[in-house]
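Here the structure is laid out as structure tokens; the discussion comes afterwards.
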Number of protein chains: 2
Amino acid sequence: MTILDELGIPADRVLTDPDVTASLSHDDAEWAPVGRPLAVVRALTAEEVQSVVAACYRHSVPVVARGAGTGLSGGANAVDGGIVLALDRMDRVLEIDPLERLAVVQPGVVNDDLRAAVAKEGLWYPPDPASSPWSTIGGNVATNAGGLCCVKYGVTRDYVLGLQMVTGTGELVRLGRRTAKGVAGYDLAGLVVGSEGTLGIVTEVTVKLRPLPPPAITVAGYFASIVDAGEAVAASAAAGLTPAALELVDRHCLAAVDAWKNMGLSVEAEVVLLARLDEPGAAGELAAERMVACFEGAGATYAVRSTDEAESEALFAARRLAYPALERLGPVLTEDVCVPKGRVPEMLGRIEKAATDHRITIANIAHAGDGNLHPLLVVDPGDEAAKARAQLAFDDIVAAALELGGTVTGEHGVGLLKKPGLVAELSPVVLDMHRSVKQALDPRGILNPGKVF
Amino acid sequence: MTILDELGIPADRVLTDPDVTASLSHDDAEWAPVGRPLAVVRALTAEEVQSVVAACYRHSVPVVARGAGTGLSGGANAVDGGIVLALDRMDRVLEIDPLERLAVVQPGVVNDDLRAAVAKEGLWYPPDPASSPWSTIGGNVATNAGGLCCVKYGVTRDYVLGLQMVTGTGELVRLGRRTAKGVAGYDLAGLVVGSEGTLGIVTEVTVKLRPLPPPAITVAGYFASIVDAGEAVAASAAAGLTPAALELVDRHCLAAVDAWKNMGLSVEAEVVLLARLDEPGAAGELAAERMVACFEGAGATYAVRSTDEAESEALFAARRLAYPALERLGPVLTEDVCVPKGRVPEMLGRIEKAATDHRITIANIAHAGDGNLHPLLVVDPGDEAAKARAQLAFDDIVAAALELGGTVTGEHGVGLLKKPGLVAELSPVVLDMHRSVKQALDPRGILNPGKVF
């Protein structure tokens, strides 16, 4: 008897052909190492997930959960000799309750599909990672995904009320609640959010919803330097503005999107800042005016409240498409540092310096409003020397973020790429606390071993 | 050498006189059992807290942290032979950063004092338990305190960015972050919030702030029955309204406050609902109109948008004073169940039934908008038979809340009073997960033993 005989999953959903399993063994972090799994298993129910994890527990075999594979830190990469548990077919929205403002979904539901389903009831699921057309709620929960509007509306953890999951010992449990409030015991549901598949495999999520937001006003600012754009971000924070999105996109990204999608983004600027203000009525008008003033005060070459809805939608679409557009040009190493808002200009300067020092192209997209920056280190395919230089630039950026009081990962997770960064960020005692909690909930260490720490 | 010689605290802050320690050995849950501590120790610094916990670790002596003692579940009650660690003198606001919208405070800072300090910078710390004039941020963190405005603005956990704390092994650690976002490792800071002193003793808190909210409109509704008021709550949820507060106060509470403070609350109604709407401008006006309509539709005898600021302030003040006012009349057993919003009318009916069945006076205050109900079971001093009946009514209310899909504690915590309720609410496997996490972070079980589970 091998473990494959004990999974309790029909053979047509136990994939072992190496060509097939290879394509399902990694996420979108092109630079992270990938293991060779024993099999990729597609589960359809919580009970099937439980059966697979229980078999892995008996055999002490690693199990790595997988959603859409859009992660950017290697968190869903297969482990040698382990099982990859694909949850993409568990894709049903089980319940939408407009009165309680919640939805119950399976982990494989695509973020945008959930958003579309609840919009029909006048409701909104705010967390909107740029991967929202593809990424799943299960993956969003595993990484505590953020997105564009979390600067005002919060991240995935803020919207998870409860979970059903399978523990490291193969037990199927419910954590959290359906009520608006609740303090019965530890917040184990919140602990599982962002734990990157190392504490449990989520089989159902109860999410909090909000009413659909009012229509927003877009303000665009064009800047001749990225540091000027950073000053505009800090100025808007100092002015007490609370934009519903405040995104930065540089000319590398706009050019890559244009080359791919031919969107006609003929922007004569080094960097564009895009703000959304969604206070209702006159309050929104006033906020938009003040945002324009912040942009101008920081030296924008052009700042305007958008009157062209199509144009502002195109700019936001370009921001969302920046990552896949750059991926077309060569291997992309994605950064995800987050610094205090007041340090954004300095951090952007440090990123420029890393690019110059190591002779690397660094494109920049950023959730600038909350200090979460995504410098994208792009190299030509096959240029190993450039790849080595990019790794040095990556390390410099991580070190600079910590020096400025920031964190090594704002929303992508630690996965494999940020393991050294985590050790630099957390004290040895706090890392030991992580190991103790992991040991407590996954005593055989079968859940996504080798990730995070 | 006894443990008292090893605490590292000057003798004048190590209190051992039983008359003195008794008064500092319990919180405000009058019905919960209280132990006799070895000493009450007043710490002034994080290092002193660490020194005390380290001594307790070496001697395997229990240590119970204490703020203002306003808790309502017995969570801060002393344990026989243990140390009570009083943190009320660690009461400094260390930093307010308007640009990053955060404050760093010691655990003994009183909630209202923090609110006043940040208001000077145009900022707001939303969590506002009714105990806010007395309760401390440390205690608020320990219980994940809610309050009036959390129906719209969230609870304590939503505002804790980071913590400094002493672990069960006497290590001083920092958890969490100062940045707007961050996913570096497990959310151990969030895990500690609401853990009622069983996972660590918090020595510093970094809290997120918001801009001060716009002025609010108050809507008051008077109802002839408590179930009607519950229907109005459910109707406002169904209408998609998001009040900044939606409080219920019954005539028992109003009468008790009036008898104490002589506020002239001559309300001719069984129950009053108080709503605050704080959308800016016309949106707020519209929301207020719709709230009036919800109240009227549910059978309010009188519903009005308040035009008298003093009157509406008096009503909210009465709501805040209800608990201490009732305490003057006799021992109060406080409930804290939370049910789905749609089940509020039914739950209020069940509370009435428990009062009738067990011939007990039950006064009602409630954060009705999020389904968090605080029936207050009042008995005459010395009436032991009534006390026994009240306990039965309490148990009926807990059982009804669970039956309606609710939780046994919305915001007060488990402490001692809700330990049986927790066992009823959580599955044995989930309780075991709690024990494993506790064991992982407090291996000798010295932190507030015997509480929660």
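Which residues does the label zone of A:Asp308 cover in segment A:252-280, counting backbone N under 11 Å from a point 7 Å along Cα→Cβ?
Those under the cut-off are A:264-267.
Karplus couplings for segment A:282-292 from phi (6.51 cos²θ - 1.76 cosθ + 1.60, θ = phi - 60°), rounded to Hz, Gly and Pro as x?
Using θ = phi - 60°, the values come out as 4, 4, x, 4, 5, 4, 5, 4, 5, 5, 4 Hz.
To the nearest whole percent, what portion of all C-alpha pairs in the protein assembly as shown is separated by more than 40 angstrom?
Numbers: 160899 of 409965 pairs.
Every Cα pair in the protein assembly as shown considered, those over 40 Å come to 39 percent.
Would you mind getting me the FRET efficiency between A:Ala424 and A:Glu384? Use the beta-carbon distance for r and R0 = 41 Å, nearest 0.05. It would help to have the intermediate numbers written out before the result.
Numbers: r = 26 Å, r/R0 = 0.63.
Computed FRET efficiency for A:Ala424 and A:Glu384 comes out at 0.95.
About its Cα centre, how strong a charge dipole does chain B have in debye, to the nearest 20, once Lys and Arg get +1 and Asp and Glu get -1 at the Cβ?
Numbers: 39 positive and 58 negative charges, 213 e Å.
Charge dipole, chain B, about its Cα centre: 1020 debye, nearest 20.
What does the net charge come to around A:Ser23 if you take all other residues with beta carbon closer than 15 Å to its beta carbon, with K and R at +1 and D and E at -1?
Details: positive: A:Arg36, A:Arg42, A:Arg66; negative: A:Asp17, A:Asp19, A:Asp27, A:Asp28, A:Glu30, A:Asp88.
With Lys, Arg at +1 and Asp, Glu at -1, the net is -3.
On average over all directions, what projected area in square nanometres does chain A have, based on the convex hull of its Cα atoms? Intermediate values should be presented prior to the final figure.
Numbers: hull surface 85.6 nm².
Its average projected convex-hull area is 21.4 nm².
Could you list which residues have their amide H under 5 Å from that of A:Arg178, counting only those 5 or more apart in sequence or on another chain, with H placed in the peptide plane?
Those lying under 5 Å, H to H, from A:Arg178: there are none.
Averaged across A:427-437, how many Cβ atoms of other chains sit within 10 Å of each residue's Cβ atom?
6
Could you give each residue of segment B:48-63 its phi-based ³J(HN,Hα) in whole Hz, using Karplus coefficients 6.51, -1.76, 1.60 with θ = phi - 60°, and x for Gly or Pro?
With the stated coefficients, segment B:48-63 comes to 5, 4, 4, 4, 5, 5, 4, 5, 4, 5, 4, 9, 6, 9, x, 9 Hz.
Binned at 5 Å from 0, what are the whole-percent values of the Cα-Cα distance distribution for segment B:93-211, short to long?
The distribution over segment B:93-211 is 2, 13, 24, 27, 21, 10, 3, 1, 0, given as percents.
One decimal, nm, shortest first: give the distances between the label point of A:Glu313 and those of the same position in the other copies, each label point 7 Å from Cα along Cα→Cβ.
For A:Glu313, the inter-copy label distances come out at 4.9 nm.
Identify the trypsin sites (Lys or Arg not before Pro) of segment B:409-453 meeting these criteria: DSSP loop state and at most 15 other C-beta atoms within 10 Å of the C-beta. Show your work: numbers first, answer last.
Numbers: sites: B:Lys418, B:Arg435, B:Lys438, B:Arg444, B:Lys451; in loops: B:Lys418, B:Arg444, B:Lys451.
Taking segment B:409-453 and a limit of 15 other Cβ atoms within 10 Å, no loop trypsin sites (Lys or Arg not before Pro) are found.
Can you sort A:Glu48, A:Glu171 by 1.4 Å-probe accessible area, starting with the largest? Walk me through the intermediate numbers first.
On the way: A:Glu48 30, A:Glu171 75 Å².
Largest accessible area first, the residues go A:Glu171, A:Glu48.
Under the definition of partner shielding as Cβ atoms of other protein chains within 10 Å of a residue Cβ, what is the mean value for peptide B:94-100? Working shown, then result.
Values: counts 0, 0, 0, 3, 3, 10, 7.
Across the residues of B:94-100, the mean count of other-chain Cβ atoms within 10 Å is 3.
Per-residue mean of other chain beta-carbon atoms within 10 angstrom of the beta-carbon, peptide A:3-13?
On the way: counts 0, 0, 0, 0, 0, 0, 0, 0, 0, 0, 0.
For peptide A:3-13, the averaged partner shielding equals 0.
With a cap of 14 neighbouring Cβ atoms within 10 Å, and only residues DSSP puts in a loop, list the trypsin sites (Lys or Arg not before Pro) found in segment A:339-397.
On the way: sites: A:Lys341, A:Arg343, A:Arg350, A:Lys353, A:Arg359, A:Lys387, A:Arg389; in loops: A:Arg359.
Of the trypsin sites (Lys or Arg not before Pro), the ones in loops of segment A:339-397 whose Cβ has at most 14 other Cβ atoms within 10 Å are A:Arg359.
Label position 7 Å from Cα toward Cβ: report the copy-to-copy distances for A:Val20 in nm, one decimal, ordered from shortest.
In ascending order, 7.6 nm.
Cα centroids of segment B:263-310 and segment B:1-69: how far apart, whole angstrom?
Distance between centres, Cα-based: 47 Å.
In whole Hz, with x marking every Gly and Pro, tabulate ³J(HN,Hα) for segment A:367-376 from phi via Karplus 6.51 cos²θ - 1.76 cosθ + 1.60, θ = phi - 60°.
Values per residue, Gly and Pro as x: 7, 4, x, 10, x, 9, 10, 10, x, 10 Hz.
Local charge sum around A:Leu417 (other residues, Cβ-Cβ under 13 Å, Lys/Arg +1, Asp/Glu -1)? The partial results should precede the final answer.
Numbers: positive: A:Lys418, A:Lys419, A:Lys451; negative: A:Asp27, A:Asp28, A:Glu30, A:Glu196, A:Glu335, A:Asp336, A:Asp395.
Result for the neighbourhood of A:Leu417: -4.
Given a cut-off of 27 Å, name the pairs among B:Lys152/B:Lys387; A:Lys120/A:Lys208; A:Lys451/B:Lys419; B:Lys152/B:Lys208 whose C-alpha atoms lie farther apart than that in the structure shown.
Numbers: B:Lys152/B:Lys387 36 Å; A:Lys120/A:Lys208 16 Å; A:Lys451/B:Lys419 36 Å; B:Lys152/B:Lys208 16 Å.
Pairs exceeding the cut-off: B:Lys152/B:Lys387; A:Lys451/B:Lys419.
If the only charges are +1 at each Lys and Arg Cβ and -1 at each Asp and Glu Cβ, what is the size of the charge dipole of the protein assembly as shown around the Cα centre, to the nearest 20 debye? List each step's numbers first, then the result.
On the way: 78 positive and 116 negative charges, 248 e Å.
The dipole magnitude comes to about 1200 debye.
Among the GluC sites (Glu not before Pro) within segment A:238-289, which fall in a DSSP loop and have no more than 10 other Cβ atoms within 10 Å of their own Cβ?
Working: sites: A:Glu247, A:Glu268, A:Glu270, A:Glu285, A:Glu289; in loops: A:Glu268, A:Glu270.
Of the GluC sites (Glu not before Pro), the ones in loops of segment A:238-289 whose Cβ has at most 10 other Cβ atoms within 10 Å are A:Glu268.
Tell me, what is the percent relative contact order of segment A:214-328, built from C-alpha pairs under 8 Å that lie six or more residues apart? Mind showing how you got there, number by number?
On the way: 193 pairs, mean separation 50.8, N = 115.
RCO, segment A:214-328: 44 percent.
Report the paramagnetic label zone for A:Gln391: residues of segment A:3-43 whose backbone N is under 12 Å from a point 7 Å from Cα along the Cα-to-Cβ axis.
Those under the cut-off are A:31-33.
Hey, what did chain A get for relative contact order, percent, Cα under 8 Å, at least 6 apart?
Numbers: 1028 pairs, mean separation 74.2, N = 453.
The value is 16 percent.
In whole angstrom, how far apart do the alpha carbon centroids of segment B:81-123 and segment A:402-434 sit?
Taking the Cα centre of segment A:402-434 as reference, the centre of segment B:81-123 is 27 Å away.
If each label sits 7 angstrom from Cα along the C-beta direction, how far apart, in nm, is B:Leu286 from its counterparts in the other copies?
Distances between equivalent label points, in nm: 1.8.
Where nothing but the Cβ of Lys and Arg (+1) and of Asp and Glu (-1) is charged, how large is the charge dipole of segment B:303-425 around its Cα centre, in debye to the nearest 20?
Details: 13 positive and 19 negative charges, 33 e Å.
Dipole size: approximately 160 debye.
If amide H atoms are built 1.01 Å from N in the plane of the peptide, which residues on other chains or at least 5 residues away come under 5 Å of the amide H of B:Tyr302?
Result for B:Tyr302 returns B:Tyr222.
Show the residues, 5+ positions off or on another chain, whose built amide H is closer than 5 Å to the amide H of B:Leu102.
Under 5 Å from the amide H of B:Leu102: B:Asp97, B:Leu209.
Show that you can apply the helix-only estimate: for the protein assembly as shown, add -39,500 (n - 2.57) for every DSSP H stretch of four or more residues, divide by all residues, and state [θ] at 222 nm to the nearest 500.
Working: 28 runs with 320 residues, N = 906.
One gets -11000 deg cm²/dmol as the mean residue ellipticity at 222 nm.
Got the relative contact order for segment B:275-392 handy, in percent, Cα pairs under 8 Å and 6 or more residues apart?
On the way: 118 pairs, mean separation 25.5, N = 118.
Across segment B:275-392, relative contact order equals 22 percent.
Would you mind counting up the charge near B:Val40? Only other residues with Cβ under 15 Å from its Cβ, with Lys and Arg at +1 and Asp and Glu at -1. Show your work: numbers first, answer last.
Values: positive: B:Arg13, B:Arg36, B:Arg42, B:Arg66, B:Arg89; negative: B:Asp12, B:Asp17, B:Asp19, B:Asp27, B:Glu48, B:Asp80, B:Asp88.
Surrounding charge for B:Val40 is -2.
What nm distance separates the two modelled labels at A:Ala22 and B:Arg328, each placed 7 Å from Cα along Cα→Cβ?
Inter-label distance under the simple model: 8.0 nm.
The values are calculated or read from the model by the stated rules, or taken from the named source; none is laboratory data. Note that the structure is predicted; figures quoted are calculated from it, not measured. Reconstructed Cβ throughout: ideal geometry from the backbone, glycine too, with neighbour counts over all protein chains shown. The accessibility values were calculated without ligands, DNA or RNA, using every heavy atom of the protein model including side chains. Shrake-Rupley method; radii C 1.70, N 1.55, O 1.52, S 1.80 Å.
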